[in-house]
Every structure is written in C-alpha cells, then in structure tokens.
1. Name the single residue, out of those in the stretch 138-183 being free of Cβ contacts under 8 Å to residues at least 40 places away in the same chain and farther than 19 Å from residue 202 by Cα, that is surrounded by the most Cβ atoms within 10 Å (Cβ to Cβ).
2. Residues of the stretch 326-341 being closer than 19 Å to residue 157 by Cβ and in contact (Cβ under 8 Å) with a residue 40 or more places away in the chain, which ones?
3. For residue 107, which of the numbered conditions (1) part of a loop (DSSP other than H, G, I, E, B); (2) over 24 Å from residue 320 (Cβ atoms) fails to hold?
4. Please work out which one of (1) assigned to a loop (DSSP other than H, G, I, E, B); (2) touching a strand residue (DSSP E or B) at 6+ places or on another chain (Cβ under 7 Å); (3) within 23 Å of residue 221 (Cβ to Cβ) is the condition residue 355 fails and give its number.
5. Looking at 196, 216, 235 in this structure, which one is modelled with pLDDT of 95 or more, more than 20 Å from residue 371 (Cβ to Cβ), crowded, with 18+ Cβ neighbours inside 10 Å and in contact with a helix residue (DSSP H, G or I) (Cβ under 7 Å, 6 or more places away or on another chain)?
6. Residue under question is residue 302, and the condition is that it be at negative phi, part of a strand (DSSP E or B), crowded, with 22+ Cβ neighbours inside 10 Å and touching a helix residue (DSSP H, G or I) at 6+ places or on another chain (Cβ under 7 Å); does it hold?
7. Restrict the check to the stretch 356-363 and report whether at least one residue is more than 16 Å from the chain's Cα centre (by Cα) and on the phi > 0 side of the Ramachandran plot.
8. Quick test for you: out of 240, 275, 270, 283, pick the one residue that is modelled with pLDDT of 95 or more, within 26 Å of residue 408 (Cα to Cα) and more than 19 Å from the chain's Cα centre (by Cα).
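The values are calculated or read from the model by the stated rules, or taken from the named source; none is laboratory data. All of these numbers come straight from a predicted model, not from anything done at the bench. Here the Cβ is made from the backbone with ideal geometry for all residues, glycine too, and neighbour counts use every protein chain on show.
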C-alpha cells in the first residue's frame, strides 16, 4: 500500500472553494464542500446569540457545547469535542468513548487528530522562521532543490507552496501519485534515507521532476497538494539545519503553549488516547494499520506537516484565541507575516492553511481535516470576534465526497458558532 489510498473526489484544479484535505491511509480525503460553506452561512445569521460566562474546559451539562457533544455522540460519533472561543472566554465540552468496545470515556485532556487543519499550524511555523530570517515568502524552489532544465516550477516560491499554487501532485489517494513515487524509489535501488529531513529532500527532489497536474500553471493556479507542504517543510529544515518537527516545537507549540504530538495513520493507536474509527455510521471499525501500512511509515512521515498533528481541545482553543487576538490588533505570538497574509488575502481565497469564506455577517476563515479515523472542522471570524471548532475520533468519506461525520459536525457547530459570538 502506498502513501495514500482510496478513491476520492478529484482536486478541483483552479477552484479555491473545494480543496481536498490531507489523508494518508485507510480513509478518504475530506474537502471543504459547498454544503459545509452554505451551512456556515446559515449559522452566521444567528451570531448574535449569547453564551455562558465560564472559562472552564468542561462546562455545565446544560451549555450549548455540552448539548452539542452529547447529541453528536447520540447520532453515532464515537467521541466528540466541541468548543466556542472568544478572546475572554472558551467553552469546551467532550462526550463519547475513546474506542468502540471499551468503556473508557473521552477526557478533556485527550488528543484528537486535526488532519488538514494541521496545515495552518505548519504554515504559521514556517512564517515564524521567515520572520526570523531563515527563509522568505519569495524563496524559490531552485535555491534548495536541483530543478531540471526548463522546469515549470522554476519560479515557484515558498509562499506559493503554502497557498497551494505550486502546481504539485496532490498525494491525497485520489490518483496513483503514491504508487509512482514508491515504484520510482524502488527502481532506483537506493536505500531509504535514515533521517526525516533526508527523506523529505529526496521526496521533494523527485516530486519536482513530475509534470504539473492537468492544465495547472505553477505559481498561478490553485491545486490542493499535501505534497506541497512536505516540500515547504523541506525548504525550511534545509535552510535552518534542523528537522521540521523540531522547528515546529521551537517556533510554534512552545511559544503558543500548545500540547500535542505527531501521530500518523500508519502508527498503531496509542494506549490511553482516543483511537480513530472509520466507516458508515452502522459499520465503524478501529483504524489499526496492517504490517504493509506500518512498513510505509518512513515515507508517510514525510507528509506530517500536511496533516498529522494531534492536540488537546484546550490547546486547539488556545491556538484559535491567538488568531482572535491577532485579528483584533492585540498581542499574539503568531508570526507577523502569517497574520498579515491572512488579513491581506483576497476574498474567497486559500491562504496559509485557511479557506476564506464570505457569509452575510462577514468573513470567516474555515477548514476541515480528516486523518486516519479523525475529523475536524473549524471557523474563525476574520474580525476576531469569535471562533468555533469540533474534533472527533470518527471519520468517513464516500466516493462522491459526502460524509455523514462532516454532516454531524456541521449540525453541531451551527449553534456553537452562535454561542461563540455571544
């Protein structure tokens, strides 16, 4: 089995409304669908509603977040955490179980996979390195990688990679990208590089010999690519001389006070933590990789910056709160360049791990994620007034792009959007 598997809706090319999300193995890619965006717009009409005044991680049972968590589990989600966030308050509730067939309940301090919602964090870490002079938004691929003569990627920059405008293969399981890479590497006769930085560089070097998908023009057109975030990580770790994961901790999780870990679908479920589950509502199974999948882990790790971060609901709420503060012009440890890139982005555009969506009440930054039996959904008001999110250890994606899990997250988040704005 390759780096990704399973059929999925095709990448929409130049569309910036329906990017396919990250998902390496045993599940199908998620996307920000028009259904999701329409539901967010409907929810925005109620954003004047009021919420509670407490700042607890697990609010009283009669709050909107607590009801949403319970109702999501009653609808079939194995476990669920939902949260509403304002600068001066956060309400987070959890419900359900860590694993089907076991009695352990989800705890407030449990970690959940964010899937492609990791991308914004990786982009923020890279932006922090840019602010420190390690790289620049305009750093060209040619500064780090040996490009073939006449390469269509010659003018592609680090900023293009983070905005999905580099014209690189998607690596989302929808095509044969993974098989092509693994076959090419096997045919080369080279041993698998020992370090993650070496593996990413080798992967990126091969990737940049491949023609752009379809009629995509690198540096101009939108094409969602998980591989692009691996290339971006390779650039900064090459220039900084440290693995991206170490840089991520130094410039992002430690300064922002975030608690989490990297965990891929090729790794067995961690004891004492929620396990991922995939499938229809009446046929969910625990995501526990087979030997072949585990053997692919060294290459799967290459794609970690695109979607393998797990964190606690409280840490994710803190991450969102830093955005609210920054959007309001307040003090925030987020990189200045990252915040400016969001605030200056054109409407309906994808930028540094976020999709801009305009609704009747204003502008939102949204994203969804799906990784190895986990799904996540988030919306942040661009004016810094509020944010809301949901994370679950349940995943599902049909070949047509529909997902009963995302439908449930949409249903539960509508009232939470309203509560967060109160």
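1. 175
2. Passing the criteria: 335, 336, 337, 338, 341.
3. (2)
4. (1) is the only condition that residue 355 fails.
5. Every option except 235 fails the conditions.
6. Numbers: at negative phi: yes; part of a strand (DSSP E or B): no; crowded, with 22+ Cβ neighbours inside 10 Å: yes; touching a helix residue (DSSP H, G or I) at 6+ places or on another chain (Cβ under 7 Å): yes.
So residue 302 fails the test.
7. We begin by selecting, within the stretch 356-363, every residue more than 16 Å from the chain's Cα centre (by Cα); these are 357-363.
Imposing the further condition that a residue be on the phi > 0 side of the Ramachandran plot reduces the set to 362.
So far as the stretch 356-363 goes, yes, one or more of its residues are more than 16 Å from the chain's Cα centre (by Cα) and on the phi > 0 side of the Ramachandran plot.
8. Selected residue: 283, the only one of 240, 275, 270, 283 that is modelled with pLDDT of 95 or more, within 26 Å of residue 408 (Cα to Cα) and more than 19 Å from the chain's Cα centre (by Cα).
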